[in-house]
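Reading through the C-alpha cells given below for one structure.
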Amino acid sequence: MILLNAGTIAILVYLIVLILIVSGWKEVFMKSLSYRACLLFMLGWLICVFMNLQITPNIRLNAGIVVLLSSALLCFFQIQVWYRKLYVLTVTVLIGTVYALFGHFVRMDPIFIWVSPVWDPVIVATLCVLLAVQSIEEQMVVITIAFLLGDGLLQWISGGHHVISLGTAGWYDQWWLAIVVARLSAWCWESAMIVGKQTAGFVYRRVKSWKK
C-alpha cells in the first residue's frame, strides 16, 4: 500500500520528467513531440494546478485538468487515420468504465482489493492502456480522458449530495504515474522489438553464410 500524502508522487514524477526533458531524454521517450510543446505543457500545468474552478454548485474542477484535456485533444487531432481515432475513443470509454466499475467493486467488497482501494482501479486501467495503445499521442488521450471519466463516474456512483472534485492531488498522483509507466513500457517494447529484429537478421545472415 502506498503511504504518501496525496500529491507527493505527482510532484516527484513531475520533477523527474522535467529533468529528463531538459537533459535530452525526450528524444527517447517522446520523440514525436517538440521540446516547445513539452515545456509549454509542463509550465502550463504547474501554473494552473494551483487554481480551482467551480463549474456548478456540485462540480469543482482543478485548472490543471484544462491543460491536460487541451493537450489530450491536440494529441487526438494528430492521429491521422480516422478509424484509429474511432478506436482510441472506444478504448477511452471502455477503460474509463473499467476504472469506475472496478473502483466501485473494491469499495463495496474488500475481497477485490489487491493493493489498496485507491490504487487498484489505476493498476487495472493502466494495464488495459498498455495492451491497447503504444504511441505517446494515443496514451495521452486514453489515460487523461479515461481516468477523468472514470474518476467522475466513480464519485457519481458513490451517491449522496457531495461535491464532485475533478483533478484532486490524489488523481494527479495516478495520472503522472500511469503516463510514465505507459511510456516506459512502450519504450521497452519498442527496444525489445528492435533488438529482436537485429538478432534475427544476424542469425539469418550467419546461417546463410554457413550454407555457402
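The values are calculated or read from the model by the stated rules, or taken from the named source; none is laboratory data. Nothing here was measured: the structure is a model prediction, and the numbers come from that model. Neighbour counts run over all protein chains shown; Cβ positions are idealised from the backbone, glycine included.
A few comments on the model shown:
- Considering the conditions (1) buried (at least 18 other Cβ atoms within 10 Å of the Cβ); (2) under 24 Å from ALA169 (Cβ atoms), VAL91 is excluded by exactly one of them, (2).
- When the residues of the range 1-44 are filtered to those that are touching an Asp or Glu at 6+ places or on another chain (Cβ under 9 Å) and over 25 Å from PRO121 (Cα atoms), the one that is modelled with the lowest pLDDT is SER32.
- Restricting the range 53-77 to residues that are surrounded by fewer than 16 Cβ atoms within 10 Å (Cβ to Cβ) and of a type outside the set (A, V, I, L, M) leaves a set whose member that is modelled with the highest pLDDT is SER70.
- Every residue from the range 29-85 that is part of a strand (DSSP E or B) and under 20 Å from the mean Cα position of the chain (by Cα): LEU61, ASN62
Residue by residue, here is whether (1) within 23 Å of TYR83 (Cα to Cα); (2) small (Gly, Ala, Ser); (3) assigned to a helix (DSSP H, G or I) holds:
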{"position": "MET140", "(1), (2), (3)": "yes, no, yes"}
{"position": "PHE147", "(1), (2), (3)": "yes, no, yes"}
{"position": "GLY152", "(1), (2), (3)": "no, yes, yes"}
{"position": "HIS162", "(1), (2), (3)": "no, no, no"}
{"position": "TRP171", "(1), (2), (3)": "no, no, yes"}
{"position": "GLN174", "(1), (2), (3)": "no, no, yes"}
{"position": "LEU177", "(1), (2), (3)": "no, no, yes"}
{"position": "SER185", "(1), (2), (3)": "no, yes, yes"}
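- Among residues of the range 111-135 being touching a residue at least 40 places away in the same chain (Cβ under 8 Å) and in a loop (DSSP other than H, G, I, E, B), the one that is nearest to LEU94 (Cα to Cα) is VAL133.
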